[in-house]
Amino acid sequence: MAEHDTDDIITMIDDNINSQNIPLELPVLPVRDVVIFNDMLLPLIVGREKSIHAIEESLMSHKFIILVTQKDSTIENPRPAQMYNIGTISKILRTLKLPDGRIKALVQGICKAKILEYLSDKSLQTVKIEKLEEQSIDEISLETEAMMRNIKEQCYKILSLNGEMADDIGIILESIKEPGKIADVIASNLRLKTEDAQEILEILDPLLRLKRLNELLQREAEVSAMQAKIQSNVMDEISKNQRDFYLREQVRAINKELGELDDIAKEITEYEKKIKKAKMLKEVEKESRLQLKRLGQMHPDSSEAGVIRSYMDWIVEMPWNKSTKDEIDIKNVKEILDEGHYGLDKVKDRILEYLSVRILNPNVKGSILCFIGPPGVGKTSLGKAIANSMGRKFVRISLGGMHDEAEIRGHRRTYIGALPGRILQGLKQCGTNNPVFMMDEIDKIGYDFHGDPSSALLEALDPEQNSTFSDHYLNVPFDLSKVMFILTGNCTDTIPSALLDRMEIIEISGYTEEEKIIIAERYIVPRQIKENGLHESNFSINKKAIRLITNEYTEEAGLRNLEREIAAICRKVARKIAEGETTKFSITKLNVSKWLGPPKFFPEMDKEESQIGLCTGLAWTQAGGEALYVEASFMAGKGELIITGQLGDIMQESARAALTYARANLENFGIDKNFFENLDVHIHVPAGAIPKDGPSAGIAIAIALISLLTERPVNKDVAVTGEITLRGRVLPIGGLKEKSLGAIRAGIKTIIIPEKNKKDLSEIPEYIKQKIKFVIVKNMDQVFPVALLKKNK
């Protein structure tokens, strides 16, 4: 393939070359992106093997070769169909062999020729040609003269717009009087498209060629004018920017001589003061000074300068060395915790232990505490109380629904609108590096294609690593080891195990009825009286009324709904007072329904009497413990098991295990072993719209089945919890305290628990043990005497 150098295109006329001596079979040389015209002198660089052979063959004989333009310049090995049919016979004037094996050849166009046939040859390609003679013009008309002059002017205009020297070409054009030659010279010197140049080459009539060239030059002149205008506008803008920069530098130099600082210098001086005041780490200070140096070298209105300015604002305002002094008095802390929170003794003891260690060893790496418990038990308010008792700032963020890792680690500052993560934002907001930092709803964090925020928390919540926590935005280490992190959640099931391992779990159980009443009297009622504009002189609510609201208007482990109901009463009283009533409003057990309507919950609705096939189980939920009723029934069928109530896979397996146990022990209950052959068993757990799962209802299902088989009612005051095996063993369960509280709310007096849960009784408060009797069992044989009553007559 031949390449050309357009800077070396020269037009010359050599009359010594006789076109009559040209043979009719010539080697062919394809060229790219250029069309060779008559009398055109052009240097070519030949690199392909066949092309080199064509040059060598021509040099050894007549030095003639036909140059043909290929239609697609990207094709390395063009076939005959991919090359134009008309080319230019050229003579090789001089050659030079290059060190890399290529040949540089200087060729001159002689005459046009048409390729008649391609002759195949392995080493080179030759063609049969027919020379094309131009039509002669006897006399040049006025129209032709005018067109020639117009074309010359257009050529000068285009060359001047493109910024090229037009003097040489002008001299040559003035010396040529033939229309065809003028067309060839101009077409060869202007950057026409390959298709347009080939079209000019193929027109044999000089006048028609001149006319077509005139049309092309008109379009080319418009394009060149538009290009020159665009370039001029760009140069004007560049000149303006250079002028502004020059003037700005002059102003800066003048201000410097006068001892005055311009805005940029003032800004940089201000940042330097802030860097010095911040008392950063050496590597942080080095990075900030590097960015400040870059800012000083930039145009103040550039977008990059804005990015660096935002970065500097963040880095100098971070509390690198600002701490609040801990004022820890253990007795005072205990009073503050007791004043704001009733009960929760285990949690308070752990907090006091943590603070005691801080007093004895201020440099100790802090534990990451995680409060797990049902909603409304005071997890978040405990964090505020800890901050107040230590004299520290309090920061709270919610992780619920967060699914982007950048929320924790921040964005790279190259992004538009980039910010640091929520952790560093909270520290900047509070202005200290040792606040009490609470992260709510750790169990409700999510992940998707944006990343996994819980994985990003691993570094921040690890006391061994968080001293060099790196945020993507700042990209320098920040010490989080002085921060006291407290996390909250409702359950641990959805917390990743690696994150759970870094935290100390403190479980907060729900409140008992007595605790709720005391908390309502001490905290909720006074707060709602104040918030609703009431006064103790015109409003009161007695203990029995609070107990009734707790039992029949709420069903929860926490206190939020209880506070809502009391707030509803206070609002209604406030309206009465606003309407002009002046009597004192006393809320008692008898008139609660007047203010709140009929009761919403009936905790002992299913306990009206002991029934056959109805057993009370205990369930643990994120909202605390609650009673779970299991119903069993027989009907004519083929021995199938029907399970309803939206039970999960584990609970369905427990039902099958309970049925297998019952069928395997039919003879022990004095029942025929073929009893189930013509019966279907239906097990149902009410509240069918609520999903249920877990193995702890196994013995409840077994008791309901045995109650049906033996026709003995299940004691309404007994609740059971435990997993059953095929051999009747009772396996341990979790959440015993929460289940006990749920049993109290349901009016249960006896709970049957597995023997291996005996150790959990130590965590249950004495007042619960006084209200409920705990029966410890190993197997089902020990369950039936307690759970089942005698057979009805």
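Numbers for the structure displayed
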item: Residues that are assigned to a helix (DSSP H, G or I) and charged (D, E, K, R), drawn from the stretch 635-678; result: Asp649, Glu653, Arg656, Arg663, Glu667, Glu677
item: Helices (runs of 4 or more DSSP H) enclosed by the stretch 488-539 - at least 3 residues per element that are more than 18 Å from Ser586 (Cα to Cα) and either open to solvent by 60 Å² or more (accessible area, probe 1.4 Å) or of a type outside the set (Ser, Thr, Tyr) (or both); result: 497-500, 513-519
item: Neighbours by Cβ (under 8 Å, 6+ apart or cross-chain): first from the stretch 92-119, more than 15 Å from Ile36 (Cα to Cα) and open to solvent by 20 Å² or more (accessible area, probe 1.4 Å); second of a type in the set (Gly, Ala, Ser) and part of a loop (DSSP other than H, G, I, E, B); result: Gly101/Gly47; Arg102/Gly47
item: Residue tally, condition over 17 Å from Glu514 (Cβ atoms), in a helix (DSSP H, G or I) and in contact with a strand residue (DSSP E or B) (Cβ under 7 Å, 6 or more places away or on another chain), over the stretch 540-565; result: 0
item: Any hit, the stretch 333-341, residues being touching an Asp or Glu at 6+ places or on another chain (Cβ under 9 Å), in a loop (DSSP other than H, G, I, E, B) and not charged (D, E, K, R); result: no
item: Qualifying positions in the stretch 349-377 - in a loop (DSSP other than H, G, I, E, B) and in contact (Cβ under 8 Å) with a residue 24 or more places away in the chain; result: Pro362, Lys365, Gly366, Ser367, Ile368, Gly373, Pro374, Pro375, Gly376, Val377
item: Odd one out for Pro765, checked against (1) at pLDDT below 85; (2) closer than 26 Å to Ala632 by Cα; (3) open to solvent by 10 Å² or more (accessible area, probe 1.4 Å); result: (2)
item: Some residue of the stretch 713-727 being open to solvent by less than 30 Å² (accessible area, probe 1.4 Å), out of contact with any Lys or Arg (no Cβ under 8 Å at 6 or more places or on another chain), of a type outside the set (D, E, K, R) and assigned to a helix (DSSP H, G or I); result: no
item: Single residue of the stretch 55-77 satisfying the filter (of a type in the set (A, V, I, L, M, F, W, C) and farther than 26 Å from Glu134 by Cβ) that is most open to solvent (accessible area, probe 1.4 Å); result: Met60
item: Residue check, Gly639 open to solvent by less than 60 Å² (accessible area, probe 1.4 Å), at positive phi and modelled with pLDDT under 85; result: yes
item: Residue match in the stretch 687-696 (condition: in a helix (DSSP H, G or I) and touching a strand residue (DSSP E or B) at 6+ places or on another chain (Cβ under 7 Å)); result: no
item: Residue ID - modelled with the lowest pLDDT, chosen from residues in the stretch 481-506 that are under 20 Å from Lys384 (Cβ atoms) and in contact with an Asp or Glu (Cβ under 9 Å, 6 or more places away or on another chain); result: Asn490
item: Residues of the stretch 687-712 classified as over 23 Å from Gly734 (Cβ atoms), of a type outside the set (A, V, I, L, M, F, W, C) and either open to solvent by less than 10 Å² (accessible area, probe 1.4 Å) or touching a Phe, Trp or Tyr at 6+ places or on another chain (Cβ under 7 Å) (or both), total; result: 2
item: Among residues of the stretch 622-673, those that are of a type in the set (A, V, I, L, M), touching an Asp or Glu at 6+ places or on another chain (Cβ under 7 Å) and in contact (Cβ under 8 Å) with a residue 60 or more places away in the chain, counted; result: 1
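The values are calculated or read from the model by the stated rules, or taken from the named source; none is laboratory data. A quick note: this is a predicted structure, and the numbers were derived from the prediction, not measured. For neighbour counting, all protein chains shown are included, and Cβ atoms are generated from backbone atoms with ideal geometry for every residue, glycine included. Just so you know, the surface numbers come from the protein's heavy atoms only, side chains and all, with ligands and any DNA or RNA stripped out. Shrake-Rupley method; radii C 1.70, N 1.55, O 1.52, S 1.80 Å.
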